[in-house]
Each structure stands twice: as structure tokens, then as C-alpha cells.
1. Looking at (1) touching a residue at least 24 places away in the same chain (Cβ under 8 Å); (2) out of contact with any Phe, Trp or Tyr (no Cβ under 8 Å at 6 or more places or on another chain); (3) among the acidic types (Asp, Glu), can you tell me which one GLU135 breaks?
2. Can you pull out the strands (runs of 3 or more DSSP E) entirely within segment 59-149 that have at least 3 residues that are more than 12 Å from the chain's Cα centre (by Cα) and surrounded by 15 or more Cβ atoms within 10 Å (Cβ to Cβ)?
3. Do we have any residue at all in segment 31-46 that's crowded, with 20+ Cβ neighbours inside 10 Å, of a type in the set (Lys, Arg) and over 19 Å from LEU136 (Cα atoms)?
4. When you scan segment 190-218, how many residues do you find that are within 23 Å of the chain's Cα centre (by Cα), of a type in the set (A, V, I, L, M) and outside any strand (DSSP E or B)?
5. How many of the residues in segment 157-180 are farther than 21 Å from GLU135 by Cβ and assigned to a loop (DSSP other than H, G, I, E, B)?
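The values are calculated or read from the model by the stated rules, or taken from the named source; none is laboratory data. Note that the structure is predicted; figures quoted are calculated from it, not measured. For neighbour counting, all protein chains shown are included, and Cβ atoms are generated from backbone atoms with ideal geometry for every residue, glycine included.
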Amino acid sequence: MCGLRGGGFVKAKEANAMRYIPDLFRQYGLPRRFCAGQQIFLKDSPARELYFLERGKVRAYLLYPDGIERTLCFVEKGNLVGEEAVGRPAVRIVCADAAADSLMYSMDLDTLLRACAAERENWAELLALFMKKIELLSSWIFYAQFIQNSAKLACFLFSNTGNAHTVVRYTQEQIAAVTGMSRVSVSNLIRKFEEEGLVCQGYRSIRVLDRERLRALFGKREFY
């Protein structure tokens, strides 16, 4: 049943090629399953544990007093969720819910630190995962600098691809939420980019065909 602890897991192939931290969470953590749309934690609640996202997708967002939600980012499989557990005080700074049916492994900080102590590589991978999250959240701020939506979308697509990775697995609704554009604007721009041979649309994904021409649209500024 979704949302309850227990059950096995299907081993996923992590794009980031992590070897040690995923195994530590599988060995010492508790499996947690969440249905799409199910709440994981709320802002200002105690951060008692970290999560490793084995499968699915998680949305980090802010909920304002008037009920408006502002999506910050979407976290893909192979990443950590809930890093506030290492903070002092350990309090959630954002809300999180499952953007798709998800399997995660939860672990309290003391258990994670003891598990990492055995091998130096464990610490290196843990720090690398924290750095990935810093880049992810900082990118949300970076997209806001662009006034033109075409530059904003081009930067988003460019920043989420590279090397042999050419597919952006975001829906148009998710791109709109992260970049602050409307769903209609995203749809129109993707159609325009496709007509110009920059991208090719797939099911819940976009394949980038010409990264250099995309980069030219936002003045060759990039997050990293």
C-alpha cells in the first residue's frame, strides 16, 4: 500500500553512477512508498530523517498563507531528499510531495553517519549528492534572471542536458512550474523550437537536438 513502510524494491540504474550511498540506504534504511500527489513532509516540521529516491520523482515547493504553491524544483531518482536533517535546528525549509509513484529509503542522521564512517568513498559520494542539490535549487534562481521566455526555456533545456545526455524528462506542466512561465507559453515555445530544429517532443520528455543554438538564445550565460 502506498505511503506505508515495508516491501522490497526494484533496483534502478542511477544516472549519476553512485555506488556506495544507494547501497547504504538500501541496507540500513527503511523503504517508504508514496503515491503520486502524496505529501512527504511539510515546511517547518521536524526533519528527523533523510531520504534516498530509488524510483519516481519528488517535487519541492513552498506553500504560502494564501494557499498558493510555488514549485522550486523536481528531484529525480538517484538523489537525496530532505537534507535539512543535517541542519541545526533540523527543521524542514520546504514542502515535498511525490510527483509520481515513488520508492524512497529513509534513514536518520546518526545511522547515516555511522554507516558512512567505514569508507572514505562514502563521504565523497554523500558530499557529491549534497552538491547536486545545491546546483538544482540554485538553478531555480538562475532562470529568473531572463526577461524573455524563449531565453528562459532555452537555458532550462541547455542546463538539463550535456555530454551524451540529450533528453529532458519533464512534462510541460513541470517546466512551467520550475521556470515560472505559464503552461501555454511553454507549449508554444516548445512547438516553435521544434519547428526550428532545436528540439523534438516525446511522451513526457523533450530531446534536445542542437544545444549550441539553444545556448545562443540566452546569450551564452549558463548556470555552470
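1. Of everything listed in (1) touching a residue at least 24 places away in the same chain (Cβ under 8 Å); (2) out of contact with any Phe, Trp or Tyr (no Cβ under 8 Å at 6 or more places or on another chain); (3) among the acidic types (Asp, Glu), GLU135 misses just condition (2).
2. The strands (runs of 3 or more DSSP E) meeting that bar are 102-107.
3. Within segment 31-46, one or more residues are crowded, with 20+ Cβ neighbours inside 10 Å, of a type in the set (Lys, Arg) and over 19 Å from LEU136 (Cα atoms).
4. Qualifying residue count, segment 190-218: 3.
5. Number satisfying all stated conditions: 1.
Condition check ((1) surrounded by fewer than 17 Cβ atoms within 10 Å (Cβ to Cβ); (2) more than 26 Å from LEU80 (Cα to Cα); (3) modelled with pLDDT under 95; (4) in the same structural domain as ALA96 (by TED's automatic domain parsing)) across all residues:
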site	(1), (2), (3), (4)
ALA176	no, no, yes, no
GLY180	yes, no, yes, no
ARG183	yes, yes, yes, no
ILE190	no, yes, no, no
PHE193	no, yes, no, no
GLU196	yes, yes, no, no
VAL199	no, yes, no, no
ARG204	yes, no, yes, no
GLU212	yes, yes, yes, no
